[in-house]
Amino acid sequence: MNPVSVRQGTSPVVIAVPHAGTWLPEKVRARLNAKGEALADTDWHVDRLYEGLLPGAAMVVANFHRYVVDPNRPPNGASLYPGQNTTGLVANTDFDGEPIWTEPPTTDEIAARVAAYHAPYHAAVAAALDAAKARHGVAILYDAHSIRSRIPFLFDGTLPDLCIGTADGTSCAEVLSGEVIKIASKSARYSHVLNGRFKGGWTTRHYGKPDTGVHAIQMELAQSAYLQSETAPFAYDDAKATSLRAVLSEILHRLEELAPDLKVTS
């Protein structure tokens, strides 16, 4: 299994999908308990949801599951949300706080997974951004995620449908987040928030350096907005998805339209 799938693009926008993969090496699968084997923390069908919305955009998709190693966590394992419940570089629990391993991976095994999976994914993301910036003088990374709308272990209440993260305004120009909020606000069907519980993971924070011409924005979607149910088998709902795709398409096209105004020349 190739750990990463890459579709080359011509747009300044690069779509990254780190958590839709469900592939597990057999040695990893054999050590998961029943909770882990359910893979409930997958960003179900996110790659399908975004397919074709911005035809010129490069898309980088991690094919491996986040239980192998989480490509949206720092490779040194530092916490993104100190003091809050979260999962790490290699999770010990699922999003409900339940253990997922019969035998947790060792430090050496985690390091090997970083080299085999985390590093190739980010090499592909970096290459796509470099190509976009070389072509346009600017690159915009759109980090695409989804999560169950109610997870008491991670957050209180019900998550908004569209959770936009810009690392508290540091990972992209304000005009980009402002336009995304404007589009989200037009839809009475979907709730939204900027830099709420999810402010952007390591990908957004690592690549988003507006002064260098690379902007990054994370979109965390509530899975209730496009799945039939947030329980197994986590089936895709075509009607829900069609409605949501219209909003996401408008967002992506607007980001592409704004890119020339953010071009850097040095």
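The values are calculated or read from the model by the stated rules, or taken from the named source; none is laboratory data. In this text, all values refer to a predicted model and were calculated from it rather than measured experimentally. A quick note on method: Cβ atoms are made from the backbone with ideal geometry, for glycine too, and the neighbour counts reach across all protein chains shown. Accessible surface areas use protein heavy atoms only, side chains included; no ligands, DNA or RNA. Shrake-Rupley method; radii C 1.70, N 1.55, O 1.52, S 1.80 Å.
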Among the residues of the stretch 132-146, are any under 22 Å from Pro3 (Cα atoms), open to solvent by 10 Å² or more (accessible area, probe 1.4 Å) and out of contact with any strand residue (DSSP E or B) (no Cβ under 7 Å at 6 or more places or on another chain)? no
For a quick check of your reading of the model, give me the residue pairs whose first member lies in the stretch 160-184 and is under 15 Å from His206 (Cα atoms), whose second is of a type in the set (Phe, Trp, Tyr) and not in a strand (DSSP E or B), with beta-carbon atoms closer than 6 Å and at least 6 apart or on different chains. Gly165/Phe198
Just checking, how many residues over the stretch 25-61 are more than 19 Å from Tyr142 (Cβ to Cβ) and either open to solvent by less than 30 Å² (accessible area, probe 1.4 Å) or in a loop (DSSP other than H, G, I, E, B) (or both)? 12
Please find, among Tyr50, Tyr81, the residue that is at pLDDT 95 or above and either touching a helix residue (DSSP H, G or I) at 6+ places or on another chain (Cβ under 6 Å) or of a type in the set (Ser, Thr, Tyr) (or both). Tyr50
Does any residue of the stretch 170-183 turn out to be surrounded by fewer than 21 Cβ atoms within 10 Å (Cβ to Cβ), among the charged types (D, E, K, R) and closer than 20 Å to Lys133 by Cα? yes
Scan the stretch 62-71 and give yes if some residue there is in a helix (DSSP H, G or I), at negative phi and basic (Lys, Arg), otherwise no. no
Verdict on Leu89 being under 20 Å from Val125 (Cβ atoms), in a loop (DSSP other than H, G, I, E, B) and touching a residue at least 24 places away in the same chain (Cβ under 8 Å): yes
If you go through the stretch 212-245, how many residues are within 18 Å of the chain's Cα centre (by Cα), farther than 30 Å from Ala132 by Cα and part of a helix (DSSP H, G or I)? 2
Tell me which of these Val193 doesn't satisfy, since it passes every other one: (1) surrounded by fewer than 19 Cβ atoms within 10 Å (Cβ to Cβ); (2) out of contact with any strand residue (DSSP E or B) (no Cβ under 6 Å at 6 or more places or on another chain). (2)
Just to be sure, is Leu248 at pLDDT 95 or above and either part of a strand (DSSP E or B) or under 17 Å from the mean Cα position of the chain (by Cα) (or both)? yes
Lys186 passes all but one of (1) open to solvent by 30 Å² or more (accessible area, probe 1.4 Å); (2) at positive phi; which number fails? (2)
From the residues in the stretch 147-158 that are surrounded by 18 or more Cβ atoms within 10 Å (Cβ to Cβ) and in contact with a Phe, Trp or Tyr (Cβ under 8 Å, 6 or more places away or on another chain), which one is modelled with the lowest pLDDT? Leu154
Look at Ser177 and say whether it is over 22 Å from Ser79 (Cβ atoms) and at pLDDT below 95. no
